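Have a look at the structure below before the remarks.
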Amino acid sequence: KKFSRQILTESGRLIALVNDIIKLSCLDEGGTEMRKEAVDLYKLAESTVQSLMRVAEKSKVKIKLTGEAANMEGIPSLLEGIVYNLCDNAIKYNKAGGTVNVDVKNEEDSLVLTVAGIPEEQQERIFERFFRVDKSHSKEVGGTGLGLSIVKHAAKLHDAKIELHSVLGEGTEVKVFFPK
């Protein structure tokens, strides 16, 4: 039982890695087969936050969504990937009892997430493929190390700008600005 459980866990990680590499390959090629359509960024964030509630509860982290409808033209699967990967990282690297705040504003079409602190000298590297700030417990945290790289490429495909503000021990705020 022990070995079959471990095989299942590791094969799941391998599948996630392959899927993330495929996503990045599509994004590197410009996502030409993906079509933009009308999307309400708030509703998309709402469903993504709902899907991560259990993960957040398991990590003893609260996840809250605020904001308003923010209609835009975009590729729904990529926009969901942006929200999901930022929220997932915010949960994984948060402290027990912490909070992830997701805010969608219409005036600047921005998505704001608060995540655990990232050392200033490593902030420019967090969007690199396979980069992890804390490699010591990467297996227990899970993931492929590609999530934020996917965020970067998906944002670029939407002509979005990413800003990162971090204070060690207090948290990190990531803003994604989608052009109107």
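The values are calculated or read from the model by the stated rules, or taken from the named source; none is laboratory data. Here the structure is a predicted model, which is why all the values come from computation and not from measurement. So basically every Cβ, Gly included, is an ideal-geometry build from the backbone, and we count neighbours across all protein chains shown. These accessible areas exclude ligands, DNA and RNA; they are computed on the full protein's heavy atoms, side chains included. Shrake-Rupley method; radii C 1.70, N 1.55, O 1.52, S 1.80 Å.
Taking the stretch 43-68 on its own, how many of its residues are touching a Leu at 6+ places or on another chain (Cβ under 8 Å) and open to solvent by 30 Å² or more (accessible area, probe 1.4 Å)? Full working, then the answer.
Of the stretch 43-68, the ones touching a Leu at 6+ places or on another chain (Cβ under 8 Å) are 44-46, 49, 63.
Then drop every residue that is not open to solvent by 30 Å² or more (accessible area, probe 1.4 Å), which leaves 46.
The total comes to 1.
Is it true that some residue in the stretch 95-103 is crowded, with 20+ Cβ neighbours inside 10 Å and either charged (D, E, K, R) or at pLDDT 85 or above (or both)?
Yes, the stretch 95-103 contains at least one residue that is crowded, with 20+ Cβ neighbours inside 10 Å and either charged (D, E, K, R) or at pLDDT 85 or above (or both).
Would it be correct to say that I75 is out of contact with any helix residue (DSSP H, G or I) (no Cβ under 6 Å at 6 or more places or on another chain), under 15 Å from F178 (Cα atoms), aliphatic (A, V, I, L, M) and touching a residue at least 60 places away in the same chain (Cβ under 8 Å)? Spell out how you get there, then give the answer.
Numbers: out of contact with any helix residue (DSSP H, G or I) (no Cβ under 6 Å at 6 or more places or on another chain): yes; under 15 Å from F178 (Cα atoms): yes; aliphatic (A, V, I, L, M): yes; touching a residue at least 60 places away in the same chain (Cβ under 8 Å): yes.
Criteria met by I75.
Each row is one residue, and each column tells you yes or no for (1) basic (K, R); (2) modelled with pLDDT of 80 or more; (3) within 22 Å of R35 (Cα to Cα).
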residue: K105; (1), (2), (3): yes, yes, no
residue: D109; (1), (2), (3): no, no, yes
residue: E121; (1), (2), (3): no, no, no
residue: R125; (1), (2), (3): yes, no, no
residue: F130; (1), (2), (3): no, no, no
residue: V133; (1), (2), (3): no, no, no
residue: S136; (1), (2), (3): no, no, no
residue: G147; (1), (2), (3): no, no, yes
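What are the pairs, 6+ residues apart or on separate chains, where a residue within the stretch 39-60 that is within 27 Å of K180 (Cα to Cα) has its Cβ under 8 Å from a residue that is surrounded by 14 or more Cβ atoms within 10 Å (Cβ to Cβ) and polar (S, T, N, Q)?
V39/N71; D40/N71; L41/N71
Pick from the stretch 161-180 the residues that are at pLDDT 80 or above and open to solvent by less than 20 Å² (accessible area, probe 1.4 Å): which of them is farthest from S77 (Cα to Cα)?
V174
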